[in-house]
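J.: Take this structure, written in structure tokens, and hold onto it; I'll ask about it next.
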Amino acid sequence: MILADALARLFPGAPRLQEIEAADVAALLDALDARWPGLRDRVADSTPRIRRHLNVFVDSQKACLETPIAADSEVLILTAMSGG
Amino acid sequence: MSKLLLLLGTKKGAFLLEGDETRRDWALRGPFCETWPLNHVIADPATGTIWGAGGNEWFGPAVWKSTDLGRNWTHSSQGLAYPEGEEPVKTAWSLAVADGALYAGVQPAGLFRSTDGGESWEHVQGLRDHPSRPDWQPGGAGLILHGILPHPDDSAQMWVSISSVGVFHTADGGRNWAPRNRGIRCDYNPEDQRYPEMGQCVHGLAMAAGGSHRLYQQNHCGMYRSEDGGRNWQSIEEGLPSSFGFPAVAHPRDPDTLYLLPLNGDSLGRYVPDAKAAVWRTRDGGRSWQALRNGLPQEGCYFGVLRQAMAVDRLQQAGIYFGTSTGELYGSADEGESWRCLAQHLPPILSVETLYVPGHVPG
């Protein structure tokens, strides 16, 4: 799992590259939040859904909170192009 | 030695100007908070803790916190959320310290309380339970709770300002709220509906010094004073160059003295009238007004000043400060008689507050 630099900077000590066991994206965010309290809030809102200007990719496919994750999946949490 | 800090919320993070009681020299520090837009940066004078309310298009709302005068910052939004399925909180807009708690106003309009110094938040549900809420209509910048005014002596009382909705008051710690807009004009309603119970666009709300129930309000449509905690308002705009502006700042000790920064009008560009900057002061509760221009730009000046971007300090001769949409900070160390530009080329300034840090007396 790879975090966007701007996201990792909000959590001093959080490595950009981590190995995490999770069944889906929501569970992945829960696991990240347990290690770095508040991280889930930065990625997903209270709807709940991935924030509008962030993208989560699972194995290069754009994902939502319910997207399943396999044991060898690569997950990217990236900031979207925002602004103009 | 004692310090005086000016706390700036800007479109690109928090900045601090650090000076002393002479208010001659200022050192700029920042930007802090990862350059997030910060709508309001305040401090608790009792502890020196600084908080910044804001939100980022990528990462949502948060309240930032520093316990070492801005050197290190943390952020939290734990509990700063509406229930699942409701429109999520987009950004935090306003902060206030009251009776040991920290309050945050957010967009879409709502109020949150923290009793652990901003680490976690609980929703003050009573405000959004008000029966008028389905009729709350967003203003130009959205449906925003942008002002929180705690009662200085009665912790159960508080006023909040919501743009295009009006002022609400609680007398029971936030369980029940009542609109406080009687006498305020709403120029955008049909002629026979210009004084509704709510729907007025409050811009700035200030309490006069002295523990009375006198409030002042800069509204989208006029300037007002209330002598009864907002139950009734009277227009005090006669003598001002415009009925439109954002901030209203009360003198720290004189209940009759108030500072405003009128802009030319809501549909005329929203800059200072005639492109000449002036702070307007009353010393008689709004019966008469004086323009304070000495040291402020008097030609080609097209900035605006937003609702939270003017502040006073509490020194013997009060200092007045305002930050502009063009990133300049102006200050007066003599109650507005003369002004200097204290900082320029900053991002658009959204809020200005002051923090006095007493020096240690050698023991």
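The values are calculated or read from the model by the stated rules, or taken from the named source; none is laboratory data. Nothing here was measured: the structure is a model prediction, and the numbers come from that model. Counting neighbours? That spans all protein chains shown, and the Cβs are built from the backbone with ideal geometry, glycine included.
J.: Which of the residues spanning region B:20-49 are acidic (Asp, Glu) and closer than 22 Å to B:GLU328 by Cβ?
T.: B:ASP20, B:ASP25 - these are the residues of region B:20-49 that are acidic (Asp, Glu) and closer than 22 Å to B:GLU328 by Cβ.
J.: Which condition breaks for B:SER267 when tested against (1) under 19 Å from B:CYS186 (Cβ atoms); (2) of a type outside the set (Phe, Trp, Tyr); (3) at pLDDT 95 or above?
T.: Failed condition: (3).
J.: Next question, about the same structure. Please verify whether region B:13-27 includes one or more residues that are within 14 Å of chain A (Cβ to nearest Cβ), of a type in the set (Gly, Ala, Ser) and touching a residue at least 40 places away in the same chain (Cβ under 8 Å).
T.: Within region B:13-27, one or more residues are within 14 Å of chain A (Cβ to nearest Cβ), of a type in the set (Gly, Ala, Ser) and touching a residue at least 40 places away in the same chain (Cβ under 8 Å).
J.: Applying the selection to region B:81-99, what residues are closer than 27 Å to B:ASP153 by Cα and either hydroxyl-bearing (Ser, Thr, Tyr) or assigned to a loop (DSSP other than H, G, I, E, B) (or both)?
T.: B:SER94, B:ASP99
J.: Looking at B:PRO138 and the list (1) within 29 Å of B:GLY30 (Cα to Cα); (2) away from chain A (no Cβ under 14 Å), which single condition is not satisfied?
T.: (1)
J.: Can you name the condition, by its number, that B:ASP129 falls short on among (1) without any contact (Cβ under 8 Å) to a residue 12 or more places away in the chain; (2) within 14 Å of chain A (Cβ to nearest Cβ)?
T.: (2)
J.: Can you find a residue in region A:54-66 that is under 25 Å from B:GLY85 (Cα atoms) and either in a helix (DSSP H, G or I) or among the charged types (D, E, K, R) (or both)?
T.: yes
Each row is one residue, and each column tells you yes or no for (1) under 24 Å from B:TRP36 (Cα atoms); (2) surrounded by 16 or more Cβ atoms within 10 Å (Cβ to Cβ); (3) within 11 Å of another protein chain (Cβ to nearest Cβ).
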residue: A:PHE11; (1), (2), (3): yes, yes, yes
residue: A:ALA14; (1), (2), (3): yes, no, no
residue: A:GLU21; (1), (2), (3): no, no, no
residue: A:ALA27; (1), (2), (3): no, no, no
residue: A:PRO37; (1), (2), (3): yes, no, yes
residue: A:ARG40; (1), (2), (3): yes, yes, yes
residue: A:ARG51; (1), (2), (3): yes, yes, yes
residue: A:VAL75; (1), (2), (3): no, yes, no
residue: A:THR79; (1), (2), (3): yes, yes, yes
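J.: Let me ask something additional. Checking B:GLY85 against (1) closer than 20 Å to A:GLY38 by Cβ; (2) within 14 Å of another protein chain (Cβ to nearest Cβ); (3) out of contact with any Cys (no Cβ under 8 Å at 6 or more places or on another chain), which test does it fail?
T.: (1)
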